[in-house]
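I have placed the structure first, in the form of structure tokens, so that the comments after it can refer back to it.
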Amino acid sequence: MVAMLCVSCSSNGDKDCEEEFVRFVHLPGHTWLRTSPCYFKPGVEGDRVSMSISVRHESGYEYSNATLTIDVVDADTLTFRRRVSIPLADRNGNWTSDGFGSLYQCQVPVADDLQLDSTSVILVWQSMGCDTLMYITDVGISVSK
């Protein structure tokens, strides 16, 4: 699964790339500022598009979840907003996300009925209530028809 999520489409005209978009944004220093969204420009368009969100984190992450806000903006208009809480640890503090060593990843669905067009931009914000979120290494999205 991790290998599949690491693949990203290029604009070479492949039909598969037109049907699915997978991309990760690396967070320098493994810190995520509340005021700095991760920015994605998917190449997928359609009326019933599915989207999932992924978070990669290190074992030093101090919360049991990650709360994110996902915005879709089309031509400077906010068309979709959803707040998602991704469970990363159980009640006993054991990581529920997949991984090995000190790096873990968790993916959850966001929506299966999005409408995206050629102007669509997806912004992902950390909404944990703190200004700086530590030990998040990457944020990714998967968008498919």
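The values are calculated or read from the model by the stated rules, or taken from the named source; none is laboratory data. Keep in mind the model is a prediction, meaning the values are calculated, not measured. Neighbour counts are summed over all protein chains in view; Cβ atoms, including those assigned to glycine, are modelled from backbone coordinates with ideal geometry.
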Out of 48, 23, sole residue that is at pLDDT 90 or above and under 18 Å from the mean Cα position of the chain (by Cα): 23
Could you check segment 93-145 and list, in sequence order, the residues that are crowded, with 18+ Cβ neighbours inside 10 Å, small (Gly, Ala, Ser) and in contact with a helix residue (DSSP H, G or I) (Cβ under 8 Å, 6 or more places away or on another chain)? 140, 142
Select from segment 57-78 the residues that are farther than 26 Å from residue 31 by Cα and in contact (Cβ under 8 Å) with a residue 40 or more places away in the chain and list them in ascending order. 74, 75
Take segment 83-100 and flag every residue that is under 20 Å from residue 34 (Cβ atoms) and part of a strand (DSSP E or B). 83, 84, 85, 86
Among the strands (runs of 3 or more DSSP E) lying completely within segment 101-145, list those that include at least 2 residues that are more than 17 Å from residue 88 (Cα to Cα). 103-116, 120-126, 136-144
